[in-house]
Structure formats: structure tokens, C-alpha cells
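Contents: one structure, followed by commentary.
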Amino acid sequence: MSTSLAPSSRARLTTAALALVLFGTGCSRSKEAPASTSAPAPMVAASAAAPAAEAQAPGGRAVAKPAAASRALVVTIEMSMTAKNPDVVAARLRDEVERAGGFVADASSSGSGDSRTARLVLRVPGERTKSLRAAMADLGHIVSDSEKTEDVTEARADLEARLTNARAQEKRLLEIMSHRTGGVSEVLEVERELARVRETIERFDAQKRALDGKIDLATVTVTINTPTAVPAPAVEETAPQKIAGAFKEGVHATGVLLLWGAMAFAATSPVLVPLAGLVTLVVFLARRRRRAQLAAMHAMMQGIPGPKTAG
């Protein structure tokens, strides 16, 4: 006897299965927050058990392992230093970072001559920051050094839990897609849900990779400046020194004034020299005419005919 179901019964079963999957998807979304809070439990347990874990010291004494070893930490360091040649120091820091297994995320330089500034953003493995500090101390003078540590253990556990839930949803939807027993509308609905879940997985995966990168590599920002000259302390001058200084300043001011006068004369001489010659000639002729007129008037008053006046 055949045990196959009628088409209407098969459609009803397919619809019920799809509704059950969508209901389970909604439940898993609502449970993402509790799952994320419960997920860190193994880490917390490991961190709580870490102080209890003991290693045998060479002298037979039990030594407790540090609890921070099981934590996820993001380390950010900012340092400022001075050096005679910031560009040379920056090049040596590049080599030191590459030897430490890190890389240069950003680099810039500005200024010229005795006023140069170089800035580097370095990504270094957390366990190599101590050796990097020692190398910087050998290359120049450390002016400031600050370190910030952020504990992201719970954030990473929460992200891993969300990613696990999303992948479980993707697996269930792929199982439904493999049977393809429903109608076209039901299959399209499952495909849309699958696309949404995969987008969520990609987003969570990108966030996890970025967070793991911050945990694995510390961010070290280094600013290198040229040392500034320290001005000498002012010395109180005596009265004779002040008088001598005032005399020197007066002589200097006089020399500057004479220099500017000579420069002004040299600049205007092509115009002033011909003009001065013309004015001198006009004044000479005017005075000569005036003298001739006075002589004529004097002769008339004496009754002696005088010389004829010019003009």
C-alpha cells in the first residue's frame, strides 16, 4: 500500500515546517542577549581558576600564574621624544617594529632645518612593547609616556556568541533549502531570510576580526621633535653697561639713518640732479638780472647813463 501524502497535505506540512523555523529564528534572536551574557562563563571560570593554577619554581615553591593572561586586553600607548634628527629615528623605529613582528600603520613628518617633527602610529605585539620602549630610550630622550589598557573580554565573548547563533540559523535555513518541498513564495521567503542571516554573519565576523587585531597588536603613537634651545638666564646690567649699550644703539641708529639717506639719494639722483642744476641756473640768471636792474636804477639817480640791462 502506498504511503505517499496528498499534495494538499504535503503543502500543509511544508508551511508548518517553515513557520516552525521562522519561530525558532525569532526565539534565537530574543535569546542572543542571554546567550551572550552566559557565553563568557568559561572565560570567567578560566580567569577565576588562573590564580589557583600553580607552577613549580626551581626551588620547589609553588608560584601562581597571573590572572590577566586569560583576559582580552586592548593596549594603547602614546609617547613623545626628542632627537636631533627625527627622520633618522623614525627610520630606525620602522626597522625595530618590523623585527618585533609589527608594522607602521601611519607616518608623517613636517618642518624644516632645526625644527622637524615626525609622527608614527605603530602596531606592535603586546609582549614586545617593553623592548620597543628600550629601543626608543636609546634613540632619543623620552619626554612623555602614557599607556591605556581596556578589558574587552566580555565584548569579545558576546560577539562570539552572536556569531555562533547566526551560523546556527544559517545551517537550519540551508537544511530547509535543500529539501525544497514548499511553494515558490515559501522558498523565496527562506532565501530572503538566509540572505539576511548571512549579512549578519559577515558583519559580526568583520567586527570580530577587527577586535582580535586590536587585542593581538598594541597601538603605539610616537611623536619625535627636535630639541629646543633653552634661553640663557637674564643678567642684570650695571649703570655703566646700560650707558655703553645706549651709546652703541645710538651709533647703530645713526649709521642706519645715514645708510637709508644714501640709498634714498641714490634712488632719486637721476631726477634730483638735473632738477637741482636747472633750479641753480634759474636762480643765477634771476640774481644777475636783479643786479643789472639795481645798477641801472643807481646810475639814473646819479645822472650817469648806466649800462643797458639785458632783456
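The values are calculated or read from the model by the stated rules, or taken from the named source; none is laboratory data. Please read all numbers here as calculations on a predicted model, not as lab measurements. All Cβ positions, glycine included, derive from the backbone under ideal geometry; neighbour counts span all protein chains shown. We work out accessible area using only protein heavy atoms, side chains counted, and drop any ligands, DNA or RNA first. Shrake-Rupley method; radii C 1.70, N 1.55, O 1.52, S 1.80 Å.
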Looking across region 150-196 at residues that are free of Cβ contacts under 8 Å to residues at least 40 places away in the same chain and hydrophobic (A, V, I, L, M, F, W, C), the single one that is most open to solvent (accessible area, probe 1.4 Å) is 184
Expected single match for part of a helix (DSSP H, G or I), exposed (fewer than 15 other Cβ atoms within 10 Å of the Cβ) and charged (D, E, K, R) among 145, 212 is 212
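Scanning region 123-134 for residues that are in contact with a Leu (Cβ under 9 Å, 6 or more places away or on another chain) and assigned to a helix (DSSP H, G or I), which turns out farthest from residue 227 (Cα to Cα)?
Going through region 123-134, the residues in contact with a Leu (Cβ under 9 Å, 6 or more places away or on another chain) turn out to be 123-126, 132.
If we keep only those that are assigned to a helix (DSSP H, G or I) too, we end up with 126, 132.
Details: 126: 30, 132: 21 Å.
If we take residues in region 123-134 being in contact with a Leu (Cβ under 9 Å, 6 or more places away or on another chain) and assigned to a helix (DSSP H, G or I), then 126 is farthest from residue 227 (Cα to Cα).
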Practice problem: Output yes when any residue across region 123-134 is closer than 16 Å to residue 95 by Cβ, within 27 Å of the chain's Cα centre (by Cα), aliphatic (A, V, I, L, M) and surrounded by fewer than 19 Cβ atoms within 10 Å (Cβ to Cβ), and no when none is. | Solution: yes
The correct count of residues that are in contact with a strand residue (DSSP E or B) (Cβ under 7 Å, 6 or more places away or on another chain) and surrounded by fewer than 18 Cβ atoms within 10 Å (Cβ to Cβ) in region 76-99 is 6
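Matching residues to (1) within 30 Å of residue 83 (Cα to Cα); (2) open to solvent by 90 Å² or more (accessible area, probe 1.4 Å):
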position	(1), (2)
223	yes, no
249	no, yes
256	no, no
259	no, yes
267	no, no
Of the residues in region 215-259 that are aliphatic (A, V, I, L, M) and part of a loop (DSSP other than H, G, I, E, B), the one that is modelled with the highest pLDDT is 235
Scanning region 100-122 for residues that are outside any strand (DSSP E or B) and of a type outside the set (Asp, Glu), the one surrounded by the fewest Cβ atoms within 10 Å (Cβ to Cβ) turns out to be 113
A careful count of residues in region 197-209 that are open to solvent by 60 Å² or more (accessible area, probe 1.4 Å) and of a type in the set (Gly, Ala, Ser) gives 0
